[in-house]
Amino acid sequence: MSRIHLLSPRLANQIAAGEVVERPASVVKELLENSLDAGADTVDIDIEQGGIKRVRIRDNGCGIEKDDLPLAISRHATSKILALEDLEAVGTLGFRGEALASVASVSRLSLSSNTQREGAGWLARCEGRDMKVGIEPTAHPQGTSVEVRDLFFNTPARRKFLRTEKTEYSRIDDVVKKLALSHFDVAFNLRHNNKPSHRFPAATTQLEQERRVAAVCGPAFMEQARFFNTEVGDLRLWGWLGAPTFSRSQADLQFFFVNGRSIRDKVVSHAVRQAYQDVLYHGRHPAYVLYLELPATDVDVNVHPTKHEVRFRESRTVHGFLYGSLSRIVAEMGPGREDGEQLSEPLADEPVAGSVVGGIGGITRGQKSHAFPYQHPVAFPVRDSGAVREQMAVYQIPGQDGGAMAAGNNSLHSVEGIGGAEQAEIPPLGYALSQLRGIFILAENREGLVLVDMHAAHERITYEKMKTAYEGVGVAAQPLLVPEALAVSEKEADCGEAHLALFETLGITLQRAGLESLMVRAVPALLRGGDVEPLIRDVLADLLTHGTTRRIEEHINDILSTMACHGSVRAGRQLTLTEMNALLREMEATERSGQCNHGRPTWTQLSMTELDALFMRGR
Ligand SMILES: Nc1ncnc2c1ncn2[C@@H]1O[C@H](COP(=O)(O)OP(=O)(O)O)[C@@H](O)[C@H]1O
Ligand SMILES: [Mg+2]
């Protein structure tokens, strides 16, 4: 080995760049974050050859003082934090002071800026092993432009890892979309090879925001997604949740932001998956755009240089809050449920949920939606919000309260000439007209034709009833004739011992039998005869990582679901109109009734507009 020596600044930065600058998209991410931190409200992004040849980002933010330009490009230099305490409550996207230095060490970087205090602007460029910065005057409006050319020109090994221009560009596209979703108030213009690729104008109203979400996630997502906003203490969760029937084969439409930062997190994905459990077709992934807001001091963002991960101080509280809020909304995504229900008081300046029904500039909402823009009279008291009241007016007769929604009303109504007083009495799924081949129920509602898969719908209703009945009596325990010893780790044994009471409520009687052993004395009666051991292991694993578990309930639900499937009306049975209407009313009153137990849709809507289009009427 040779003697010890200090690395040159460029080499030190190149090593650091290994963590932060993986590909052109990471350059774009770092530069955009700087522009957002600088308070820009317009950002222009110009890309050439997938960003490998050139990335240029121009913003109209606060700019950088001439004397600070050399510092901006040096490592460990930042204007965003001063002391460790600042790091504990950091409100900016950047804080490590190493992005520009890293990028500059592996590319040809130039930085132009103007704070509008000093002349026309200054241009900084850095060169050589010591990364000396040269400065010259340049014409630049208020704000900053960073140009990065020939990425990895001096690090051939890294360059080899770059993919095709198209692939690199699509990653840039993803980065821009993510930031566009997290900063609605900023306009983003993205160009590739001198051709406009995306334009996201600033979006302040909920309508404009939904337009942006539709541009990123596709209009089909927005058509069925449901806006919500829920707050508990200083935790707030809001955003757009896709219906279980809108599930995807890939987890590619999942956006989660924590305090404006896009993150990947185990606690979060576990909670979301659990919320959709029971309504999602096997192997499918839900779609969502979600925003979690919590005090900056409750979340550590300094976990990884790329800042893709966070650590929650109270991860169990966060998990519980996410699971609780989301599973409730998923449960409510059935017919007869209000679209975009406000779960808590809206913030004063918050666009009110549910204010958007019908067409949004080419995006038509609510047509194939499995959430109706109706007020549910019993379950959801109407919040005193202007938009909701406006919406109510459309569906309500003056002087009559929302209770007229006829839930549980089995009588036959004539739906002819819908309008006036009749209007408010049409239940969301309407009234049965007939049965098709003993499989589908045809019904007429305000929008047009409703088609219901009889068996699927009944299965869900039976299942929910069985669950409720089961929850009523609790999980009955069945003592084992011969207690079973379970070999576990010491940590698991400790965990089991610490949660004896919890296991008891789940129908499992445990006992510590040794340093690394637990004794099972009783198991849930419904699971008797099955192999309970792996289940207990999974429960222990859940408790160790998340502090809570729903394994037993889920397992029991699986069994109930199978029982419900066998106990439900089979296809081919002839129903009377009264029976059909009773089923429709039950669907409206049942949680999660938009999907059967296997996640398949139970009903669909063909609106008059769609029917007209089928027959080319009114053209
Ligand atoms: N677009 C920009 N507008 C204004 N200031 C900027 C911009 N980009 C970088 N800076 C300044 O340069 C500093 C260093 O940037 P960077 O290396 O990304 O580190 P960090 O963002 O972690 O502070 C920032 O703290 C900021 O003061
Ligand atoms: Mg930065």
Restricting attention to region 76-107, report how many residues are under 20 Å from Lys66 (Cα atoms), more than 12 Å from ligand 2 (Cβ to nearest atom) and not hydrophobic (A, V, I, L, M, F, W, C). 1
Residue check, Lys132 surrounded by fewer than 18 Cβ atoms within 10 Å (Cβ to Cβ) and either away from ligand 2 (no atom under 16 Å from the Cβ) or modelled with pLDDT under 90 (or both): yes
Output for region 194-208, where each listed residue is surrounded by fewer than 20 Cβ atoms within 10 Å (Cβ to Cβ), of a type outside the set (D, E, K, R) and not in a strand (DSSP E or B): Asn194, Pro201, Ala202, Thr204, Thr205, Leu207
Residue among Thr590, Thr549, Thr609 that alone is among the β-branched types (Val, Ile, Thr) and either open to solvent by 60 Å² or more (accessible area, probe 1.4 Å) or touching a Pro at 6+ places or on another chain (Cβ under 6 Å) (or both): Thr609
Given the conditions (1) free of Cβ contacts under 8 Å to residues at least 60 places away in the same chain; (2) of a type in the set (Asp, Glu); (3) closer than 20 Å to Ala331 by Cα, which single one is not true for Asp531? (3)
Top-ranked residue in region 156-193 [being among the aromatic types (Phe, Trp, Tyr) and surrounded by fewer than 19 Cβ atoms within 10 Å (Cβ to Cβ); ranked as modelled with the lowest pLDDT]: Phe161
Of the conditions (1) of a type in the set (Val, Ile, Thr); (2) more than 20 Å from Glu591 (Cα to Cα); (3) touching a Pro at 6+ places or on another chain (Cβ under 6 Å), Val216 satisfies every one except a single condition; which number is it? (3)
Checklist (1) modelled with pLDDT of 75 or more; (2) assigned to a helix (DSSP H, G or I); (3) closer than 18 Å to Glu459 by Cα applied to Met563, failing item: (1)
Report yes if Arg149 is open to solvent by 40 Å² or more (accessible area, probe 1.4 Å) and either within 36 Å of the chain's Cα centre (by Cα) or within 8 Å of ligand 1 (Cβ to nearest atom) (or both), otherwise no. yes
Cross-chain or 6+ apart pairs with Cβ under 7 Å, region 253-274 first and closer than 12 Å to His183 by Cα, then among the charged types (D, E, K, R) and modelled with pLDDT under 90: Arg261/Lys307
Yes or no: Gly218 within 12 Å of the chain's Cα centre (by Cα), open to solvent by less than 50 Å² (accessible area, probe 1.4 Å) and at positive phi? no
Does Leu535 fit the bill of being in a helix (DSSP H, G or I), within 27 Å of Ser327 (Cβ to Cβ) and open to solvent by 30 Å² or more (accessible area, probe 1.4 Å)? no
Can you list the helices (runs of 4 or more DSSP H) lying wholly within region 1-112 that have 3 or more residues being buried (at least 17 other Cβ atoms within 10 Å of the Cβ), within 26 Å of the chain's Cα centre (by Cα) and more than 11 Å from ligand 1 (Cβ to nearest atom)? 24-37
Name the single residue, out of those in region 14-59 being within 14 Å of ligand 2 (Cβ to nearest atom) and of a type in the set (S, T, N, Q), that is nearest to Asn189 (Cα to Cα). Ser35
Does Leu575 satisfy the condition of being in a helix (DSSP H, G or I), touching a helix residue (DSSP H, G or I) at 6+ places or on another chain (Cβ under 8 Å) and over 19 Å from Arg328 (Cα atoms)? no
Does Gln116 satisfy the condition of being touching a Ser or Thr at 6+ places or on another chain (Cβ under 9 Å), touching a residue at least 40 places away in the same chain (Cβ under 8 Å), open to solvent by 40 Å² or more (accessible area, probe 1.4 Å) and of a type outside the set (A, V, I, L, M, F, W, C)? no
Does region 235-260 hold any residues that are touching a Ser or Thr at 6+ places or on another chain (Cβ under 9 Å), surrounded by fewer than 20 Cβ atoms within 10 Å (Cβ to Cβ) and not aromatic (Phe, Trp, Tyr), and which are they? Leu235, Arg236, Ala251, Gln254, Gly260
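The values are calculated or read from the model by the stated rules, or taken from the named source; none is laboratory data. Quick caveat: nothing in here was measured; it's all calculated off a predicted structure. So basically every Cβ, Gly included, is an ideal-geometry build from the backbone, and we count neighbours across all protein chains shown. Accessible surface is based on the protein model in full, side chains and every heavy atom, while ligands, DNA and RNA are left aside. Shrake-Rupley method; radii C 1.70, N 1.55, O 1.52, S 1.80 Å.
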